[in-house]
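Since the structure comes first, as structure tokens, the remarks are kept for the end.
Throughout, read-outs are computed from the coordinates displayed, never taken from laboratory work. Note that the coordinates shown come from a computational prediction; the quantities given were computed from them, not determined experimentally. In this analysis, Cβ positions are derived from the backbone assuming ideal geometry, glycine residues included, and neighbour counts consider all displayed protein chains.
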Amino acid sequence: MTVQTTPPKPKSKFLRREAIEGYLFILPWLIGFVIFRFGPMVYSMFLSLTDYAARGAPKFVGLENYIYMFTKDPRFLDSLRSTFQYVVGFLPLNIIIGLAIAMLMNQKVRGMTTFRAVYYLPAVISGVAVAILWQFVFHKQWGILNAILSLFGVKSIGWLVDPKWVMVAFVIMSIWGVGGSMIIYLAGLQSIPTELYEAAAIDGANRFRQFRSVTIPMLTPTIFFVLITGLIAAFQIFENAYIMTGGGPNYATYFFGLNIYFTAFKTLNFAYASALAWILFAIIVALTIMVFGTSRRWVFYAGGGDDA
Amino acid sequence: MTTKTQPAATPAATTTTDLPFNRRHFFQMLVTYGLLFSGAALLMVPFYWMISTSLKTLPEVQTWPIVWVPATPVWQNYPAVFQKTPFARYLLNSMVIATGGIIGTLVGSSLAGFGFARLRFPGRNFLFFLCLTTMMLPAWVVIVPHFMMFSAVGWIDTYLPFIVPAFFGNAYHIFLFRQSFMGIPRELEDAARIDGCNTFRIFAQIFLPLSKPVIATVSIFSFYYYWNDLVYPLVYLQSQLKFPVSLGLRMFQTANSGVVDMPKMMAASLMALLPCVVLFFVAQRLFIQGVVITGVEK
């Protein structure tokens, strides 16, 4: 049926019609892109160069917002520090623990589906309810975490009220959702052809060597994916901090998201909030490009490489 | 047929059972199960804490050492949530927002996904790339212009800012639809075309019915998104009776900040989570598929 080569079509007319239909199908997205993405991006860039507090007309002030941010604003430094602390604490743990659990589960474990569900559940639920729950888990006097730790003789820790511990608390809470990266690793592990392990075993590679020379290289695209998505998400942390600490104690969890939200919708400084948002965006883009840049050196594509 | 597969299966089965008892393997599996069980137990602790707290009296919550199991479960905490707050209303509001949002997302994302997957037009790759890059754009960059825009058209304190943008599609869901549509054989499309179907009918009557898994996946992901979202309700809604569950819980939390009525707050939180947990167990497979598609593609 399809063996014969397709006869020459009335090419130009058919293609033009297909092109028009193509544009029609993506038109809603394209309109949405202009109205809800591109337009607002340009406008917020403009706002960031003005003095505008939700009233009157924006007054152009050039780079003044940015200059103030980098030279005088202590809250900006709080955001920068807390956000980076969180990202640096969370990302490596998410990558390593997620992989470790996935490896454990990949050993043809009985009841794997049940385990998988139990580990994955905390990753899919989120929001205010979860934040309220964790707030009470971390409660200094009556929380279950300190109760468990006291069984091992640990004195009660002010998880959410002590600036020294609050970031640890946020990282612990985020690692609760490690099932998200685990599930991706598990899929990655299962897509590694078993022949590779057999070949490695014949060559005399022990388990550790197999892990280092087969598993890790084959898994680098997955690690890369977990790293990039984790990075983009972690920089935008908001809800948990908004509910559990409100940015405290003493601005120790005054993440970028909180700073932008409070600046825009509590102090109504729309212009400065836009400037903050652009710096956040710039940081995310710069780090993403950096990771992409290094990926050539460590991400291994089995198909011989994607020239994307 | 059945007789032929039988002998092939038996030797494979015997080789595995005939293996001598492997002590190293046994210990390895013991450690594996030990680790997996303790990890699972740790992950379940917060859930246990939530349930047990929701059934306690206030004095039981405020004691040290903590009460692990409430003496007599106070079921009354659950109905009390509905008496103390318009919780039923919050649940209903969340349902309305989620339903509108899901319908919008399905329409907008499937259309664009089809265009990107099956129709050739100049600039397609570039536009699809553009679409994917919007996933990187933090909502924070556009939140102020969005607020100003929706204020200008008088949509503040309505559900329109949640539902209307959904109809323009969402990059991640466009991507999922595109992946699914690309897997549908071209022959089906060609056959329908020969039968005189136009492109829209091919999309609506052939591609969509064949894409039930991705429709379900997108619906579930969107449900979670709208159900849990806090930022946009915080920015767009003002009257308490319009609040979704997320904002309602927040109200409950701030109203109780002085006296901390933990049992009722945990009861409320648990009820807010319940739809998500149930949905997770019902649709676990779709969830995992949805995540895996994205992970493997990149």
Scalar couplings 3J(HN,Hα) for the stretch B:102-119 by Karplus 6.51 cos²θ - 1.76 cosθ + 1.60 (θ = phi - 60°), nearest whole Hz, x for Gly and Pro, are 5, 4, x, 4, 4, 5, x, 6, 5, 4, 5, x, 5, x, 6, 7, 10, 10
Taking R0 as 60 Å and r as the Cβ-Cβ distance between B:I51 and B:M135, the FRET efficiency 1/(1 + (r/R0)^6), rounded to the nearest 0.05, comes to 0.95
Along the stretch B:276-287, Karplus-curve 3J(HN,Hα) (6.51, -1.76, 1.60; θ = phi - 60°) to the nearest Hz, with x for Gly and Pro, reads 5, 5, 4, 4, 4, 6, 5, 10, 3, 4, 4, 3
Residue separation between A:K164 and A:Q141 times 0.36 nm, minus their alpha-carbon distance, gives in nm 6.6 nm
Checked the protein assembly as shown with the C-alpha gyration tensor, a ≥ b ≥ c its square-rooted eigenvalues, rounded below a/c of 1.5, otherwise prolate if a/b is larger than b/c and oblate if not; verdict oblate
For the stretch B:196-208, in residue order, the Karplus 3J(HN,Hα) values (coefficients 6.51, -1.76, 1.60; θ = phi - 60°; whole Hz; Gly and Pro = x) are x, 6, 7, 4, 5, 5, 4, 5, 6, 9, 10, 6, 4
Between the modelled labels at A:A100 and A:Q190 (7 Å from Cα along Cα→Cβ) the distance in nm is 2.3 nm
Exposure-ranked with fewest Cβ neighbours within 10 Å first, B:M266, B:M136 stand as B:M136, B:M266
Non-local residues with an amide H under 5 Å from the amide H of A:D51, with H modelled 1.01 Å from N and Pro and chain starts lacking one, are A:K59, A:F60, A:V61
For A:G248, the residues 5 or more places away or on another chain with a placed amide H closer than 5 Å to its own amide H are A:T253
Here, A:S156 and A:F300, labelled 7 Å along Cα→Cβ, have an inter-label distance in nm of 5.2 nm
A:K108 and B:I206 label points (each 7 Å along its Cα→Cβ direction) are spaced in nm at 4.3 nm
Rounded to a whole number, the Stokes-Einstein D of the stretch A:208-308 in µm²/s (Kirkwood radius over Cα pairs; 20 °C; 1.002 mPa s) is 133 µm²/s
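For a quick check: sort A:M69, B:M149, B:M182 by the number of other beta carbons within 10 angstrom, fewest at the front.
Least crowded to most crowded, the residues run B:M182, B:M149, A:M69.
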Filtering trypsin sites (Lys or Arg not before Pro) in the stretch A:23-97 by DSSP loop and by at most 16 other Cβ atoms within 10 Å leaves A:R55, A:K72
At the level of C-alpha centres, the distance separating the stretch B:119-174 and the stretch A:148-216, in angstrom, is 35 Å
Links exceeding 25 Å between C-alpha atoms in this model, out of A:K164/B:K84; A:K59/B:K242; A:K266/B:K264; A:K140/A:K164; A:K108/B:K212, come to A:K164/B:K84; A:K59/B:K242; A:K266/B:K264; A:K108/B:K212
One finds the C-alpha centres of the stretch A:63-87 and the stretch B:54-106 to be spaced, in Å, by 38 Å
